[in-house]
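Shown next, in structure tokens, is the structure this report addresses.
The values are calculated or read from the model by the stated rules, or taken from the named source; none is laboratory data. Being a predicted model, the structure only gives us computed values, none of them experimental. Neighbour counts are summed over all protein chains in view; Cβ atoms, including those assigned to glycine, are modelled from backbone coordinates with ideal geometry. The protein model used for the area step is the full one, side chains on, heavy atoms only, and it has no ligands, DNA or RNA in it. Shrake-Rupley method; radii C 1.70, N 1.55, O 1.52, S 1.80 Å.
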Amino acid sequence: TLMHPSQDTQTPWLFQLLIKLGKPWGLRWTGDKELAVIYQMQRYHDLRGPGFFWITPSIQAVRKVISLSEDGLTTDFKEILTADALPLEMTWLLVYKLDPRGLPKMDAQTVVNWSLDLKRTILTEYAQRSMQAVLPKFEAETVCRGKVFPEIEAEFGKEMNGLMNTFG
């Protein structure tokens, strides 16, 4: 049986009762930062939530519940050349949130099936590409003195969002 991450002792008892009574008729519920992955006839169909929603129990099923919460990972950037051809190394904490709602159906199906490790691998690769596109616009001295961090962060964010746009 599928357990929803948010259905625990903190869920109000009235919600728990409503969920149990409505389950045979297709009533389902996800938490505030969750989406249910709906399959119809064994094939990906849709994303639903957060909150209460209906499915057709005879042909649809909730296969998993994904989180819309932010996650973070540490990324090391090694030997990225600056405008004056000096290699720099830095470590950044990347905070991200992947939201597959609004993506074309095939892309959403791909994203919801990614493991956490795969998400982080893709994000790390895209972060490397983004930093390699941004850092060469700045000289090493201004970077090392911290004078251009807001500009680097803004440019980096634009690059990352451009790369990740196809994945929500």
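Extending 7 Å from Cα along the Cβ direction at W54 and again at D107 yields two label points whose distance is 3.1 nm. Projecting label points 7 angstrom from Cα along Cα→Cβ for Q42 and Q132 puts them 4.2 nm apart. For the stretch 119-167, state which trypsin sites (Lys or Arg not before Pro) are in a DSSP loop and have at most 15 other beta carbons lying within 10 Å of their beta carbon. The qualifying sites are R145, K147. Residue-wise HN-Hα couplings along the stretch 70-75, as the Karplus relation 6.51 cos²θ - 1.76 cosθ + 1.60 with θ = phi - 60° gives them from phi, are 6, 10, x, 8, 9, 10 Hz; Gly and Pro carry x. A probe of 1.4 angstrom, applied to the heavy atoms of all protein chains, finds V62 with accessible area near 20 square angstrom. Dividing the alpha-carbon radius of gyration of the chain by the rule-of-thumb value 2.2 N^0.38 Å gives 1.37.
Between helix 116-134 and the chain there is an angle of about 30 degrees, using the helix long axis and the longest principal axis of the Cα atoms. Projecting label points 7 angstrom from Cα along Cα→Cβ for E89 and Q16 puts them 5.2 nm apart. Estimated at the nearest 10 Å², the accessible area of M41 is 130 Å² with a 1.4 Å probe.
With every protein chain in place, what's the accessible area of R63 (1.4 Å probe, Å², nearest 10)? Approximately 110 Å² for this residue. The convex hull drawn around the Cα atoms of the stretch 7-77, when projected onto a plane and averaged over every direction, covers 6.5 nm².
Which residues in the stretch 55-71 place their backbone N less than 12 Å from a point set 7 Å from the Cα of L116 along the Cα-to-Cβ direction? Label zone hits: 67, 71. What the Cβ-Cβ distance of A154 and E70 gives, at R0 = 22 Å and to the nearest 0.05, is a FRET efficiency of 0.70.
For the stretch 39-59 and the stretch 127-141, what is the separation of their Cα centres, given in Å? That distance is 43 Å.
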